1. Between residue 56 and residue 24, what is the label-point separation in nm under the 7 Å Cα-to-beta-carbon projection?
2. Could you identify which residue out of 59, 20, 82 has the top mean-square fluctuation in a GNM of the chain using Cα springs shorter than 10 Å?
3. Out of (i) 13.2, 43; (ii) 20.2, 63; (iii) 14.4, 49, which label holds the value of Rg and Dmax of the Cα atoms in Å that was computed here?
4. Give me the distance between the Cα centres of region 13-27 and region 64-93, rounded to whole Å.
5. Once label points are set 7 Å from the Cα along Cα→Cβ at both residue 15 and residue 2, what is their separation, rounded to one decimal in nm?
6. Under a 10 Å cutoff between Cα atoms, tell me which one of 24, 13, 56 has the largest fluctuation in the Gaussian network model of the chain.
7. Need the full-extension length gain, residue 49 to residue 86, defined as separation in residues times 0.36 nm minus the C-alpha distance. One decimal, nm.
């Protein structure tokens with residue numbers, strides 16, 4: 001997994017950019033924070049059924065942006081990452 005994070009200047013919104021590089025296994029990303037209290041989260045994810053999937057004229061939506069689940073509970077966030085996916089997570093304090 002590769003992950004980078006940015007936070008807004010007012011420190012109220014955290015963005016995570018996450019890549020699950022595994023070709024066949026999903027991952028659960030569980031996060032806790034110091035100095036940041038998450039209240040809600042949302043995510044968008046791009047992944048196909050296989051790493052070789054691509055959009056074509058015959059199938060223009062084979063790989064598309066989809067909503068992903070973000071659970072926020074007791075100051076922790078949990079995001080499910082599909083295999084070979086790119087996920088943008090928005091967490092708000």
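1. 2.4 nm
2. 59
3. (iii)
4. 9 Å
5. Once both label points are built, they end up 1.7 nm from each other.
6. Per the Cα network of the chain with a 10 Å cutoff, 56 tops the list.
7. Between residue 49 and residue 86, full extension yields 12.0 nm more.
We did not get these values from a lab; they are worked out from the coordinates using the rules stated. All values derive from a computational prediction rather than experimental measurement. Quick reminder, even Gly has a Cβ in these numbers, built from the backbone with ideal geometry, and neighbours come from all protein chains shown.
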